[in-house]
Amino acid sequence: MMKIDRRIPGFGVFLVSVCLAVTLALSGCTVKLVSGYDETTDRAVTDLQRKTEAHLVALESVEDLPECTYENHKQFYDEAKVDISAITVRAAAIPKNDITTQESQLLASQLDNLEKLHKIACLSKDQITLVRTHFNTSFTAILKLEFAKRRGE
Amino acid sequence: MSLDAVKLGKDILAALNGSLAEKWPDVKDYGEAEAKKLAQTLVMIGTLKATGKINKEQAELHLEMQKNATRMVLMTIEGLGILSAEAAINSALIAVKDNVNKEIGFTLL
């Protein structure tokens, strides 16, 4: 029969942890706390980043011109909302994918705020620079986590 | 024959440290780079408001976007941390498996 060293204080908690680890190892399970990499999410977010950048570049080119108004660019906002909705719904359908789901919802909020800004007035180059940074930070955050889910695949 | 809990604990800890240390430089660099960008945009929002290039409503919307971007960076860092913990746990499981089999003298696990 195995003897186990009981001299260590707080041994009970440690022993339970080790037993749990052994049980998991026995069952052949590896622990997975976060969902796996999803190529569709990766592609969709990357495509949306490209579309958003194209929108910002277009706005820069029409600064102070009549074409800069929100009404001339409404199509981008309508399409982007659909894109983000698809990303969010897909993310929410994947188990253990809470962080990416919440980030997708924040991305939707970013788009709403950009739309509100554009409805107030045409965006100056300075504002576009700010918006570009906000969005690139947001897109990078989502993609960085998605790539990390690859786990050496 | 006895399982050495002290040695087993040290082996698990070494596996945990190894996995976490491997991931931290990447997270640290990302966090630092994003923090720098966010600080710059915050200053820019303040400057645009102070110089009258944007009004209060516009400044508030930019700040809200800034906050959202910051939240997303923090959430990603949290996610990277969870992935690191997962890797550490799985490394510890392998360490436990190897040590238990070695101490026992046959492949139990």
Residue hits (segment A:115-130; more than 7 Å from chain B (Cβ to nearest Cβ), among the aliphatic types (A, V, I, L, M) and in a helix (DSSP H, G or I)) are A:ILE128
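This table checks each residue for (1) farther than 20 Å from A:ASP112 by Cα; (2) of a type in the set (A, V, I, L, M); (3) surrounded by 12 or more Cβ atoms within 10 Å (Cβ to Cβ).
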| position | (1), (2), (3) |
| --- | --- |
| A:VAL31 | yes, yes, yes |
| A:SER35 | yes, no, yes |
| A:ASP47 | no, no, yes |
| A:ALA54 | no, yes, no |
| A:PRO66 | yes, no, no |
| A:PHE76 | no, no, yes |
| A:GLU79 | no, no, yes |
| A:VAL82 | no, yes, no |
| A:SER85 | no, no, yes |
Based on this model, can you work out whether B:ASN90 counts as more than 8 Å from chain A (Cβ to nearest Cβ) and farther than 28 Å from A:ASP112 by Cβ?
no
Those residues of segment B:48-81 which are among the polar types (S, T, N, Q) and either at the interface with chain A (Cβ under 7 Å from one of its Cβ atoms) or more than 14 Å from A:THR133 (Cβ to Cβ) (or both), in sequence order
B:THR51, B:ASN55, B:GLN58, B:GLN66, B:ASN68, B:THR76
If you scan segment A:93-104, which residues turn out to be assigned to a helix (DSSP H, G or I) and surrounded by fewer than 15 Cβ atoms within 10 Å (Cβ to Cβ)?
A:ALA93
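We did not get these values from a lab; they are worked out from the coordinates using the rules stated. For clarity, every value in this text was computed on a predicted model and none was experimentally measured. Heads up, the Cβs are rebuilt from the backbone with ideal geometry, glycines too, and the neighbour counts pull from every protein chain shown.
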